[in-house]
Amino acid sequence: RFRLSAGGSRAHEPWFRVGTLDVGTTWFVVLLGIVGLLAYAVGGQNFEADIAFLPNASWTAHHPWSVVTWPFAIVFSSGALNFAIGLFVIWWCGRQLESGVFGRAKLASWLLLTTLTFPIAVSLLVALVPGWIYPLFGLQFLGLAVFLVYAAEWPRRLFFWGVPAWILGVIYLAVTLV
């Protein structure tokens, strides 16, 4: 049975419910990622190119929405696996951060701030290094940020083969930035 209802007013309650799914901030971001996948299937690369972020003043002037939509752009030739990993990390670690640390509103604010910080940082780097362009697309950077906060909160939690979260955070950071 399908039912849409409003969530509670407390920090750790969902924003709303769809059937039996409690949609908090983490699930909302994951659902937006799935919408990004569907948009790619329907709109193709032209649509994805319009929502990705390029650190170029004329691009940003003509595509101002790209400052917040870039995480949901998928470039399958170079980012499908990164997008999937980012989506999984946001789902896995984000649920625990939302329920144990942040709450829904603080996590939403932090994710929005993080989403805005990456284009600013990349634009500054491009201004410092002329001729260098680094387009932003996919959830890998938000996934990285979520995992680094997770690893900072619970550094000794063990993952695959007994590897602590902080070591995986360092590896994830190195792999993402290289």
So between Tyr134 and Ile120, what do we pick up on full extension, going 0.36 nm a residue minus the alpha carbon distance?
3.9 nm
Under Karplus coefficients 6.51, -1.76 and 1.60, residue-wise ³J(HN,Hα) of the stretch 131-142 in Hz, glycine/proline x
x, 8, 10, 10, x, 9, 7, x, 8, 4, 6, 5
Note to self: with every protein chain in place and a 1.4 Å probe, the stretch 25-101 gives an accessible area per residue in Å² of 50 Å²
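Rounded if a/c is under 1.5, else prolate if a/b beats b/c, else oblate: with a ≥ b ≥ c from the C-alpha gyration tensor eigenvalues square-rooted, which is the chain?
On the way: a/c = 1.78, a/b = 1.23, b/c = 1.44.
Oblate, since a/c reaches 1.5 and b/c is not below a/b.
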Take the Cα of Ile167, step 7 Å along the line toward its Cβ, and report every residue of the stretch 117-153 whose backbone nitrogen sits under 17 Å from that point.
151-152
Residue span Thr60 to Ala127: 0.36 nm per residue of separation minus Cα-Cα distance leaves a gain in nm of 22.7 nm
Can you pull the accessible area of Phe16 for me, 1.4 Å probe, Å² to the nearest 10?
60 Å²
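Would you tally the net charge around Arg104, using a Cβ to Cβ cut-off of less than 12 Å, leaving Arg104 out, and scoring K and R as +1, D and E as -1? Write down the numbers at each step before the final one.
On the way: positive: Arg10, Arg95, Lys106; negative: Glu13, Asp22, Glu98.
Net of charged neighbours comes to 0.
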Label-point gap, in nm, between Ile34 and Ala152 - each point 7 angstrom along Cα→Cβ
3.0 nm
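Considering only protein heavy atoms and a 1.4 Å probe, what is the carbon-and-sulfur percentage of the accessible area of the chain?
Working: 7280 of 10210 Å².
Heavy-atom surface of the chain belonging to carbon and sulfur, 1.4 Å probe: 71 percent.
The values are calculated or read from the model by the stated rules, or taken from the named source; none is laboratory data. Since the model is a prediction, treat every value here as computed from it, not as a measurement. Because the Cβ atoms are built from the backbone with ideal geometry, glycine has one as well, and the counts that use them run over all protein chains shown. Just so you know, the surface numbers come from the protein's heavy atoms only, side chains and all, with ligands and any DNA or RNA stripped out. Shrake-Rupley method; radii C 1.70, N 1.55, O 1.52, S 1.80 Å.
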